[in-house]
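These notes concern the structure reproduced below.
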Amino acid sequence: MTPPPAAPPAPPGPATCRTAVVRAVGTCLPAPVVGNDEVIALGGLDTSHEWITSRTGIHRRRYAPPGTSTGDLAVAAGRAALDAAPGTPRPGLVLLATTTPDRPCPATAPDVAHRLGLGTVPAFDLSAVCSGFLYGLVTATALLRADVCRSVLLVAAETYTTIIDPYDRDTAPLFGDGAAAVLLRGGGSDEPGAVLATDWGSDGSGGDLVAIAAGGSRAPRSGSPPGRDDTYFRMRGRPVYAHAVRRMTASARTALDATGWKADDVRAFIGHQANQRILDAVADRLGIAPAHRYGNIADVGNTAAASVPLALAAALEGPGPPTSGAATLLTAFGGGLTWASATLRWPAVRPNTAPAPRA
């Protein structure tokens, strides 16, 4: 039997330099698996399993049980990443990308660092909604390139079920809970897992397209109670779809150009797992072949900031992952409006999955 041809090597990219390198990946998904029919029954939604899957690609998602917080999922995923990388320098920073912190104040990241036994390392939350992980990757990469720290633990965790209106047909079927962590160390840009180029941006003129209206200083919860709708996450689907496709496509092209790659060079494309039609539209516009597109939206839904690293972990442990070092493109879009992209070499790691924390 003739062996299959070897995968082509990744194109060279920029000259070797110090950058962030993915050293380990850890994940944590809550145990309860919730199918579309259960979501429909819970909110009495006027929709069907077939409608949800045809419009979004989502079949099921995970719900954190009552008493399980974003911080609990973040700690489990962070510990899984740390356990998978013995000998890596102790993280000099903990970044937590989330829209659903354990409380408005203080940030959840210092508590995560404390529970992980990391002592007094700096730690802070990063809020960029569904672009949160890639915003964190840009930040961590810049700090590692500047030699501010030797390694960074970047965690993305969400419990969107705490902010979703179960009676809202436009959002209730879309979101799930979960967490993923990436341990980054300083290294060379020629290594597997090396971050090569990044791009990010925002457009505050679209801030009302993806938002929770109440709870901040503009519309505080104290005083006159806000309307019921103001306390839940809301999204205007049609304009968000158009912005997401346009912004992710443009950002991804910028990152590819900065790396010196063309779409044909990409062997792994992972976009924010919001909607399968959005993912397909972006990949089609970029010219990335279907064989090189990876995702897990059918099984976990939209996990906001956690979606890109969870999809990365699923591809790493799934059948036929890309070759170590292969050209990889990540892109995301979120509320704010925010967007970000990154090119990297496919990591030579296996994800470490943590058991779901008990409430």
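What follows draws every value from the coordinates through simple rules; no lab data is involved. Only a predicted model underlies this, so the values are computations on that prediction, with no experimental measurement involved. Reconstructed Cβ throughout: ideal geometry from the backbone, glycine too, with neighbour counts over all protein chains shown.
Quick check on region 280-359: take the gyration tensor over C-alpha atoms, sort the square-rooted eigenvalues as a ≥ b ≥ c, and tell me if it's rounded (a/c under 1.5), prolate or oblate.
Working: a/c = 1.74, a/b = 1.13, b/c = 1.54.
Judged from the Cα gyration tensor, region 280-359 comes out oblate (a/c at least 1.5, b/c at or above a/b).
Model label sites at H59 and Y167, defined 7 Å from Cα along the beta-carbon direction, differ in position by 3.2 nm. At 222 nm, what value in deg cm²/dmol follows for the chain if DSSP H runs of at least 4 each add -39500 (n - 2.57) and the sum is divided by all its residues, to the nearest 500? Result for the chain: -8500 deg cm²/dmol, rounded to the nearest 500.
A simple rule links phi to the HN-Hα coupling: the Karplus curve 6.51 cos²θ - 1.76 cosθ + 1.60 with θ = phi - 60°, which for region 22-39 gives 5, 9, 7, 10, x, 9, 8, 10, x, 5, x, 9, 10, x, 4, 5, 5, 4 Hz, with x for Gly and Pro. What the Cβ-Cβ distance of D264 and V148 gives, at R0 = 56 Å and to the nearest 0.05, is a FRET efficiency of 0.95. For region 155-255, the set of chymotrypsin sites (Phe, Trp or Tyr not before Pro) satisfying both a DSSP loop assignment and a count of at most 16 other C-beta atoms within 10 Å is given as Y167. If I compute Rg/Rh (Cα atoms, Kirkwood Rh) from the structure I just sent, which labelled value in [x] 1.02; [y] 1.05; [z] 0.96 lines up? Read-out taken from this structure: [z]. For the residues G44, G57, G193, a GNM of the chain with alpha-carbon springs under 10 Å puts the largest fluctuation on G44. Where both bridge residues fall in region 18-188, DSSP classifies roughly 75% of the beta bridges as antiparallel. Once you order the gyration tensor axes a ≥ b ≥ c over the Cα atoms, which shape class does region 18-188 get: rounded for a/c under 1.5, otherwise prolate or oblate by comparing a/b with b/c? Here region 18-188 falls in the prolate category. Only beta bridges with both residues in the chain are counted; by DSSP, about 70 percent of them are antiparallel.
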